[in-house]
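Read through the structure below, which is laid out as structure tokens, and then see the notes.
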Amino acid sequence: MLGLLLLVLVGAPAAQAFTHPPAHAMSATAVHQQTPTSVQAQEFDNRISGVLRGVDGPIADVTVTATGNGFDGEATSGPNGAWSIGVPEQGTYEVAIDEETLPEGIALAEGQENPREVTFANTSSASTLFLFGEGIVAQQTPFLETLAERALAGFSFGLLLALSAVGLSLIFGTTGLTNFAHGEMVTLGAVLAFAFAAMGLPIAVSIVLAVVGGGLLGYVQDAGLWKPLRRRGTGLVPMMIVSIGLALALRYIIQFFFGGATQQLPGSQSPIIDLGSVSISRNNLTSLVVSLVIILVVAFLLLRTRIGKATRAVADNPALAAASGIDVDRVIRIVWVIGGMLAALGGVLWAYYRPGVSYNMGQQILLLIFAGVTLGGLGTVFGALVGSIIVGLFVEISTIWLEADLKYVGALLILILVLLFRPQGILGRRERIG
Amino acid sequence: MDFGNILINAFGELISPTTAAYALAALGLAVHFGYSGLLNFGQAGFMAVGAYGYAISTLTFNAPLPVAVLVAILASVVFAIVLGIPTLRLRADYLAIVTIAAAEIIRYIVTTNGLTDVTGSANGLAAFEGGFFSLNPFSPGTYNVGPLAMNERDLWIRIVGWTVVIVACLVVWLLMRSPWGRVLKGIREDENAVRSLGKNVYAYKMQALVIGGVLGSLAGIIFTLPRGAVQPANYATELTFFLYTCLLLGGMATVLGPVIGAMIFWVVLSLTQGLLYGAIEIGAITFLSNSQAGQLRYILVGVALMLLMVFRPQGVLGNKKELAFA
């Protein structure tokens, strides 16, 4: 390790000398008028630097000058396009490229100031970038491409939100409960997958077991807690507060066993796949496909099977459903199991999306899940799907303009705006808002 | 294991400024939830608005203490009105989701790097408490309160904090036995009945939201002053849930309930921490690490919240007839 460090230290001046051969060549001829740039750079602690790079690669042998604070400095770009001018003090300098020294066919890009002012910002180095030709301005990819890329990522994120949101919405539809513990059901999926994988099981098996575990948690929750509460005739608001207590207890139980650190699932690093002009990481693409398939299966179950029809009947009117011979408690139990499984799968996908498994990861997206459910219309399953996709798209696309640490704010703001203008949500019905 | 010390620490929690802040914020929740039936899950947001309103006006605008407190109060009034306009006409669980979302929006905004100059982003703000402690009438030294020894700063913040709590309790008590308070309780019981009597239910709810929010913002200031720092991580949704635990412990439609609830909450947390850490120290418990013992206490909080809600929703002091829900 120390040897490596020494090697780097010894190598550095050599490399520097190598990058500035034209400067030395020049200074050899004009040694009396001007100090060589490489020496200059060592003489002064402060330096202005940059890299000249055209469409076809670095541009060498271009003269750059810096003037200001009673000082004149000059440098020539090396074979890698790098140039550096040492200056005696921090301050504002006028930096110019001698356009006559540019190779033929290369010109500064439109709107590039030359000369320009460069100011030190309390650091010993300042840099400025001269852009050449037209194409080079596209350091940022074209807007539409960025948009398409963000939209694809957002679609993937929205679908994984939808997995949890559909479960939450089914539970709300059949029992009226706003389940604040749903975030912990999401976390549990990821934590279980991590635990099984850590025991040496293949990741695919671990994920399946985690999903089964999520379904089990749903079953136990309903059997041990929610069904007895329904029997007692507990109101919806007390049940909601009970779910908050459950969320707190579960979150800290998970932290108790899992610890506070963030862990990675196997295969959390994945290569980027190019789809035409849009690129997406392989994990995100897999997540998109998996959640799309699962949601289609759930939709099929709801629309075409007996139990699905019974579920929708209970969601519509539990009393009427019971009167027409549907076992409401059994339907609700199945909804809890399916909701738990979907949430667990959503948690695994969320762990790949972030990436990382932590004890509070479910809590982080709980409000986005709520936003998706509310946006689509509380209690409507397809509304939850549509709402979640909108939330996912919005979160990812808003990062084009918003800082990344504000990306959830936009989604929460639409939640509030929707309630202002269309409280029943996109697919909801007026009567539900009470 | 030093039982005396554990008990003294627990007694310290009884009168600590954090307990006062929790009591005040929970009192605000009592106005919202206990008396008006408004399910505000964004009390942490109101506390953050108060704390940041105070800290930013002190640090960025060099405002004197009364102005800073006024700014904090006004900010929470504005926050309450902005929240209330879209949501007060909706069902209780919508209000819950919107208020919790709004509180998180506040937390994201004060955490963002783009506003580091004003909010200090994730590190928060510090060194704004000078104005408050320069008013301290006590000379430097050690003061004994019962078995507790504290310096003049600790004494001053405790006296101010609990005075605010007592005044707030009086105000809420007077409000709730006034005609205004009776209308509010009427709204909690049956909104439509009150509306049919010609009362503007929306306006009453909004006023209740503002009053409880102002209490929350004052609580935010009292919460940050002894720390001398305000950090966004302190104002996450858990804070609101802890406040609900305090409120339900004491009794949600009572004036003293939230105060007693906050005291019980912190004393129990302190006792369990003392006993668990003590037991680990002497080797009586070997299967827990210190941080796990910390988490065990919060598991207990969650379980307590569930059990309270199921078996004694009226809390220690409450009257079962005065519940915001059937």
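Every number in this text was worked out from the coordinates using simple rules, so none of it is lab data. All values derive from a computational prediction rather than experimental measurement. Here the Cβ positions follow ideal geometry from the backbone for every residue, glycine too, while neighbour counts run over all protein chains shown.
Rounded to the nearest 20, the size of the Cβ-charge dipole of region A:143-433 about its Cα centre is 940 debye, with Lys and Arg at +1 and Asp and Glu at -1. What separates the Cα centres of region A:376-410 and region B:203-253 is a distance of 28 Å. Ordered by the count of other Cβ atoms within 10 Å of each Cβ, fewest first, B:MET47, A:MET239, B:MET206 give B:MET206, A:MET239, B:MET47.
The orientation-averaged projected area of the convex hull spanned by the Cα atoms of region B:166-284 comes to 9.9 nm². Working note: Debye formula, equal point scatterers on the alpha-carbon atoms of region A:212-277, no solvent; log10 I(q)/I(0) at q = 0.17, 0.19, 0.21, 0.29 Å⁻¹ is -0.79, -0.89, -0.99, -1.24. Taken residue by residue and averaged, Cβ atoms of other chains lying within 10 Å of the Cβ of A:230-239 number 4. For region A:51-86 and region B:1-68, what is the separation of their C-alpha centers, rounded to whole Å? Comparing the Cα centres of region A:51-86 and region B:1-68, I get a distance of 58 Å.
Between amide H atoms placed 1.01 Å from N, distances below 5 Å from A:ASN46 occur with A:VAL87, all of them 5 or more places distant or on a separate chain. Shown here for region B:47-147: chymotrypsin sites (Phe, Trp or Tyr not before Pro) in loop regions (DSSP other than H, G, I, E, B) with at most 12 other Cβ atoms within 10 Å, namely B:PHE61. A quarter of the convex hull surface defined by the alpha-carbon atoms of region B:3-322 gives 17.8 nm² as the mean projection. Measuring between alpha carbons in the structure, the pairs from A:LYS227/B:LYS321; A:LYS227/B:LYS320; A:LYS309/A:LYS407; A:LYS227/B:LYS205 lying more than 29 angstrom apart are A:LYS309/A:LYS407; A:LYS227/B:LYS205. A Cα-only calculation for region A:143-433 places Rg and Dmax at 18.5, 58 Å. Give me the Kirkwood hydrodynamic radius of the protein assembly as shown, using the inverse of the mean 1/r over all pairs of distinct Cα atoms, in Å to one decimal. This gives a value of 29.6 Å. This model, with +1 at the C-beta of Lys and Arg and -1 at the C-beta of Asp and Glu, gives region A:306-354 a dipole about its Cα centre of some 160 debye. In a reduced charge model with +1 at each Lys and Arg Cβ and -1 at each Asp and Glu Cβ, the protein assembly as shown shows a dipole moment near 5000 debye about its Cα centre.
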